[in-house]
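Take a look at the structure set out below.
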């Protein structure tokens, strides 16, 4: 398991953001406006997964659910 340094929450107009590590973005061949899936696990942790471009809805850019 690779652990990245801690990240601080940022708030802009009521929404919260966390910056993803550039190493993770590069290793998953992601680019600006690509989608990620966020899964809430039973223990309260979040799992962030890249969504392959072929799995996104062509019309809206919204990822399909599985």
For the subset of the range 40-59 comprising residues that are over 15 Å from residue 24 (Cα atoms) and surrounded by 10 or more Cβ atoms within 10 Å (Cβ to Cβ), which member is modelled with the highest pLDDT?
53
Looking only at the range 28-36, decide whether some residue is in a strand (DSSP E or B) and within 10 Å of the chain's Cα centre (by Cα).
yes
Can you pull out the residues in the range 1-25 that are surrounded by fewer than 10 Cβ atoms within 10 Å (Cβ to Cβ) and assigned to a strand (DSSP E or B)?
11, 12, 15, 16
Are there any pairs with C-beta distances below 8 angstrom linking a residue in the range 1-22 that is over 14 Å from residue 46 (Cβ atoms) to a residue that is modelled with pLDDT under 90 and surrounded by 10 or more Cβ atoms within 10 Å (Cβ to Cβ), with the two at least 6 apart or on different chains, and if so which?
21/4
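The values are calculated or read from the model by the stated rules, or taken from the named source; none is laboratory data. All values derive from a computational prediction rather than experimental measurement. FYI the Cβ positions are ideal-geometry reconstructions off the backbone, even for glycines, and counts take in every protein chain you see.
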